[in-house]
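S.K.: What follows is a structure written as structure tokens; I'll ask about it next.
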Amino acid sequence: MAEKFYTVGKIVNTHGIRGELRVISTTDFPEERFTPGATLYLFTEDGSSPLPLSLESHRSHKQFEILKFKGYDDRNTVEKWKGSLLKVSERERKPLPPGEYYFDQIIGLTVETEEGERVGVVKEILQPGANDVWVVSRPNRSDLLLPYIDECIKKVDLVNEKVVVHLLEGLDQ
């Protein structure tokens, strides 16, 4: 079975002349993923094999993470990586506490009401503020936005690939 990888960031540009890169983070755990010494895998747009990289330094700057990898010390060496994705290997993913999930575990799950009525499928997760919002694609209807709160999300069943929800008044307009 092929090893699975999960995206933690996208390289959008270089930063300065010493090989640093501007990265937009797509992980809930930037402090863990971008720790010096961590191994990240570079996936270029041409689809070549992933390149393992050892993180030398990390700092946050505005809305970006600034990363520098060991052995890549000038802008010209890393410029070609613009647009590439940085990923972690599945074996480096840590188990989450009960009731917490990685986005890829939730996206694609079937959503049902407590009465067993099929609502749709989770197609994306938004992070607008205090809690996440699950976007549910419904056939022949507009998307349903479900806040990730206990009053609404009653059960996440990863084994049977479904989510049981209570549709709060006013949600299904």
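S.K.: Quick check: Cα centre of segment 59-134 to Cα centre of segment 1-31, how many Å?
M.R.: 11 Å
S.K.: Using θ = phi - 60° and the Karplus form 6.51 cos²θ - 1.76 cosθ + 1.60, what ³J(HN,Hα) does each residue of segment 97-113 get, whole Hz, x for Gly and Pro?
M.R.: For segment 97-113, the Karplus-derived couplings read x, x, x, 10, 9, 6, 3, 5, 6, 8, 4, x, 6, 6, 10, 10, 7 Hz, x marking Gly and Pro.
S.K.: Only bridges with both residues in segment 103-165 count here: give the DSSP antiparallel percent, nearest 5.
M.R.: Looking only at bridges with both residues in segment 103-165, the antiparallel portion is about 80 percent.
S.K.: Let me ask something else. If neighbour count is taken as other Cβ atoms inside 10 Å, put GLU32, GLU20, GLU65, GLU115 in order from fewest to most.
M.R.: GLU115, GLU32, GLU65, GLU20
S.K.: I've got another one for you. Across the Cα atoms of segment 29-70, what radius of gyration and what greatest pairwise Cα-Cα distance (Dmax) are found, in Å?
M.R.: Final numbers for Rg and Dmax: 11.2, 31 Å.
S.K.: Let me ask you something else. Take the Cα radius of gyration of the chain and divide it by 2.2 N^0.38 Å, with N its residue count; two decimals is plenty.
M.R.: 1.23
S.K.: Near GLY120, within a Cβ-to-Cβ distance under 10 Å, what is the net charge of the other residues, with Lys and Arg +1 and Asp and Glu -1?
M.R.: Net of charged neighbours comes to +2.
S.K.: First select every other residue whose beta carbon is under 11 angstrom from the beta carbon of SER89; then total the charges, Lys and Arg +1, Asp and Glu -1.
M.R.: After counting each charged neighbour, the total is +1.
S.K.: Check each of the trypsin sites (Lys or Arg not before Pro) in segment 65-155 and keep only those in coil by DSSP with at most 16 other C-beta atoms within 10 angstrom; list them in order.
M.R.: Counting only loop positions with at most 16 other Cβ atoms within 10 Å, the trypsin sites (Lys or Arg not before Pro) in segment 65-155 are LYS70, LYS82, ARG93, ARG141.
S.K.: Compute, for the chain, the length of the dipole vector about the Cα centre, with Cβ point charges of +1 (Lys, Arg) and -1 (Asp, Glu) only. Units Debye, rounded to 20.
M.R.: Once rounded to the nearest 20, the dipole reads 800 debye.
S.K.: While we're on this one: If I take every Cα pair under 8 Å that is 6 or more residues apart in the chain, average their sequence separation and divide by the length, what percent do I get for the relative contact order?
M.R.: 18 percent
S.K.: Between GLU161 and ASP143, what is 0.36 nm times their sequence separation minus the Cα-Cα distance? Round to one decimal in nm.
M.R.: Full extension from GLU161 to ASP143 adds 4.5 nm.
S.K.: I've got another one for you. Could you please report the charge total around ASP172, scoring K, R as +1 and D, E as -1 over all other residues with beta-carbon less than 14 angstrom from its beta-carbon?
M.R.: With Lys, Arg at +1 and Asp, Glu at -1, the net is -3.
S.K.: Would you work out the relative contact order for segment 103-165, in percent, from Cα pairs under 8 angstrom that are 6 or more residues apart?
M.R.: It comes to 30 percent, rounded to a whole number.
S.K.: What's the whole-number percent of alpha carbon pairs in segment 5-92 lying beyond 23 angstrom?
M.R.: 10 percent
Only the coordinates and a few stated rules stand behind these numbers; no lab work does. Here the structure is a predicted model, which is why all the values come from computation and not from measurement. As a convention, Cβ positions derive from the backbone with ideal geometry for all residues, glycine included, and neighbour counts pool all protein chains shown.
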